[in-house]
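Novice: Questions regarding the structure given below will be posed in turn.
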Amino acid sequence: MLAGGAWLVWAQFGLPWIRLVDHRVVKAPLMTLNWKEFSAELEMHRDSEGNQWTRFVRFSAECPICSGKIELLPGKPEHRLPLVGRCAESPHAHVYSFDRTQLTGYYIGPKLQMKS
């Protein structure tokens, strides 16, 4: 139980903050969210004066293919990117890259089949 508790503390409190420095946006650990919140991201942000801030944010969009809700989720194992946009309706088929500075992305899912 001690090993399990140590792993839980490391996974929820240590590792996300270390990854935040490298990736600038990570999924917020559930232990840091309000009990009514299910998903959010931690973002390292620099304001116009050059001050560094860490803040909770939520990135989402509408899927251009099916109009479902796109949220940031882990990219592994299909993609090398740490976070990708995945559609709630089809999370493995409707996958998008994510650029946090421009708030844009492009389709990186499997090749789409055109209906004839």
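The values are calculated or read from the model by the stated rules, or taken from the named source; none is laboratory data. Since we're looking at a predicted model, the values are computed, not measured. No Cβ is skipped: glycine too gets one built from the backbone with ideal geometry, and neighbour counts run over all protein chains shown.
Novice: Between Val21, Val26, Val84, which is under 18 Å from Thr104 (Cα atoms), among the aliphatic types (A, V, I, L, M), in contact with a strand residue (DSSP E or B) (Cβ under 8 Å, 6 or more places away or on another chain) and not assigned by TED's automatic domain parsing to the domain that holds Ile108?
Specialist: Every option except Val26 fails the conditions.
Novice: If Ala3 satisfies every condition in (1) under 28 Å from Glu89 (Cα atoms); (2) modelled with pLDDT of 85 or more; (3) out of contact with any strand residue (DSSP E or B) (no Cβ under 6 Å at 6 or more places or on another chain) but one, which is the exception?
Specialist: Evaluating Ala3 over (1) under 28 Å from Glu89 (Cα atoms); (2) modelled with pLDDT of 85 or more; (3) out of contact with any strand residue (DSSP E or B) (no Cβ under 6 Å at 6 or more places or on another chain) leaves (1) as the failure.
Novice: Taking Ser60, is it of a type in the set (S, T, N, Q) and farther than 19 Å from Pro110 by Cβ?
Specialist: yes
Novice: Right, here's the next one. Please work out if Trp35 is farther than 23 Å from Arg100 by Cβ, outside the structural domain of Ile70 (by TED's automatic domain parsing) and modelled with pLDDT of 80 or more.
Specialist: Here the answer is no, as Trp35 does not meet what is asked.
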